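Colleague: Quick one: the structure is below, questions incoming.
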Amino acid sequence: MKVGLIGIGGMGNVHFNCYKKMEGVEIAVADIRVDMAKEKIKDDSIPVYASYEEMIEREELDFVDICTPSYMHADMAVYALEHGLHVLCEKPMSINSSEAQRMIDASEENSKLLMIAHVVRFMSPYVYLKSVIDSCELGKPVHVIMHRLSEAPKWSWENWMLVPEHSGGVALDLSIHDIDYTQYVFGKPESIQATYHDLKDNSNHVSTTFSYDGFSVETVGGWFNASIPFRAEYLAVFERGYVESKGGKITKNGKEVTVTAGETSEDTGINLSGADGYADEIAYFIDCIKSGRQPMRVTPESSKYSVELVEEILKTAKKV
Ligand SMILES: NC(=O)c1ccc[n+]([C@@H]2O[C@H](COP(=O)([O-])OP(=O)(O)OC[C@H]3O[C@@H](n4cnc5c(N)ncnc54)[C@H](O)[C@@H]3O)[C@@H](O)[C@H]2O)c1
């Protein structure tokens, strides 16, 4: 199995470290910053290209893994699919839903797999919460609140994250993790109500309430002009108790729960807590390729729906 990793910035490096630990996986890398890439890789046996098209032409790849700025995802994915490769692509799927549809069409027309790396679906605290919801062991949900807060990201290549047309801002780049998880677990909401704060110097804050039959889910995403440490937390209240993920601990009705962390439970060096899930999502996608089955855990249609939800949130939000 050979992967062509496109982009080895913050997230590409996390994926690269996962591939390095996997048996039977060969890697080629494309990044326009070849010197930076070589310095990170520290392995002359791994080919590095400035152009992803050239990498695709020269290397015998099975799939590409796209870890470039979000506004580039659709063009790169469509190019790779049209060149007969399967595609794993970082979230958000694309900068808007029509670009997402273009990716789906290319995947179908070329009969190649396409999966968006919605890592939260693979992260152990969220896998655990889904198991509690699905088993109904604490009864029906009453209220779920999910926070994802960070300092405004000033570390990206050419500062693309703080250019709204390139990243989609805090809603599409950050809050989409919890928005995607909400629809993955609970399905289509009955209604949505959002508030969007445009703070100065590209800081943003978006708070969304998703109403379901008998309960609601609130997602809060924020990029702040303060050196606030990254945090991703949830509190899920049910008819007969609660589950909380906070400060790296999961508790159920006040008692700590131990769940098996993924293989990459380590400091990622970017605005993520000691996060697991990355190796698991990659292993899942490779397994889908090997067994020739669709990645049902994250379908392209459901990833496109998350982009559509963000579009609806931004269109209807009360702007503060
Ligand atoms: N799943 C997560 O938890 C998570 C976390 C952070 C970022 N992301 C996503 O990952 C993607 C990348 O974000 P990042 O933080 O790594 O950004 P980054 O700015 O750190 O890295 C982007 C990389 O792409 C390279 N690049 C730019 N143009 C290129 C081209 N034409 N060909 C090849 N390489 C090119 C840049 O040189 C840079 O190394 C984004 O879509 C982002 O939303 C996901």
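Laboratory data are not the source of any read-out in this text; all were calculated from the coordinates shown. All figures in this text were calculated on a predicted structure; none of them were measured in a lab. Cβ sites come from the backbone with ideal geometry, for glycine too, and all protein chains shown count toward neighbours.
Colleague: Can you run phi through the Karplus equation (6.51, -1.76, 1.60; θ = phi - 60°) for the stretch 84-96 and list ³J(HN,Hα) in whole Hz, with x for Gly and Pro?
Modeller: Here the 3J(HN,Hα) series is x, 10, 6, 10, 9, 9, 4, 7, x, 3, 6, 6, 7 Hz.
Colleague: Which ³J(HN,Hα) values in Hz, rounded to whole numbers, follow from the phi angles of the stretch 200-208 under the Karplus curve 6.51 cos²θ - 1.76 cosθ + 1.60, where θ = phi - 60° and Gly and Pro get x?
Modeller: 6, 6, 6, 7, 9, 8, 10, 10, 10
Colleague: What list do you get for H73, H147 if you sort them by fewest beta carbons within 10 Å?
Modeller: If I rank by nearby Cβ atoms, fewest first, I get H147, H73.
Colleague: Continuing with the same structure: Tell me, what HN-Hα J-couplings in whole Hz come from the Karplus equation 6.51 cos²θ - 1.76 cosθ + 1.60 at θ = phi - 60° for each residue of the stretch 116-131, using x for Gly and Pro?
Modeller: With coefficients 6.51, -1.76 and 1.60, one gets 8, 7, 7, 5, 4, 5, 10, 7, 4, x, 7, 5, 5, 4, 4, 5 Hz.
Colleague: Divide, for the stretch 2-118, the radius of gyration over alpha carbons by 2.2 N^0.38 Å, where N is the residue count.
Modeller: Output field value: 0.99.
Colleague: Positive end of the charge dipole of the chain (Lys, Arg +1 and Asp, Glu -1 on Cβ, about the Cα centre): tell me which of N202, L138, Y184 has its Cα farthest that way.
Modeller: Value computed over the given set: L138.
Colleague: Gaussian network model of the chain, Cα springs within a sub-10 Å range: biggest mean-square fluctuation belongs to which of S111, S94, S70?
Modeller: Fluctuation is largest for S111.
Colleague: Quickly estimate the mean residue ellipticity at 222 nm for the chain, helices only: each DSSP H run with n ≥ 4 gives -39500 (n - 2.57), and the total goes over all residues, rounded to 500.
Modeller: -10000 deg cm²/dmol
Colleague: If you average the alpha carbon positions of the stretch 18-59 and of the stretch 72-104, how far apart do those two centres end up, in angstrom?
Modeller: Computed from Cα coordinates, the inter-centre distance equals 20 Å.
Colleague: Hey, fewest Cβ within 10 Å first, where do H118, H143 land in order?
Modeller: Neighbour counts put them in this order, fewest first: H143, H118.
Colleague: Continuing with the same structure: To one decimal place, what orientation-averaged projected area in nm² is obtained for the convex hull of the Cα set of the chain?
Modeller: For the chain, averaging the hull's shadow over all directions gives 15.9 nm².
Colleague: Related question: In debye, nearest 20, what is the charge dipole magnitude of the stretch 2-118 about its Cα centre with +1 on Lys and Arg Cβ and -1 on Asp and Glu Cβ, if you could check?
Modeller: Magnitude of the dipole: close to 460 debye.
Colleague: Please list, in chain and number order, the residues 5+ apart from H118 or on another chain whose amide H is under 5 Å from its amide H, with Hs placed from the backbone.
Modeller: Sorted by chain and number, the residues that satisfy this come to none at all.
Colleague: How large is the charge dipole for the chain, taken about the Cα centre, if only the Cβ atoms of Lys, Arg (+1) and Asp, Glu (-1) carry charge, to the nearest 20 debye?
Modeller: In debye, rounded to 20, the chain gives about 1060.
Colleague: For D280, D213, D287, what's the fewest-to-most ordering of other Cβ within 10 Å of each Cβ?
Modeller: Neighbour counts put them in this order, fewest first: D213, D287, D280.
Colleague: Along the Cα-to-C-beta direction of A50, a point sits 7 Å from the Cα; which residues of the stretch 1-30 have their amide N less than 15 Å from that point?
Modeller: 30
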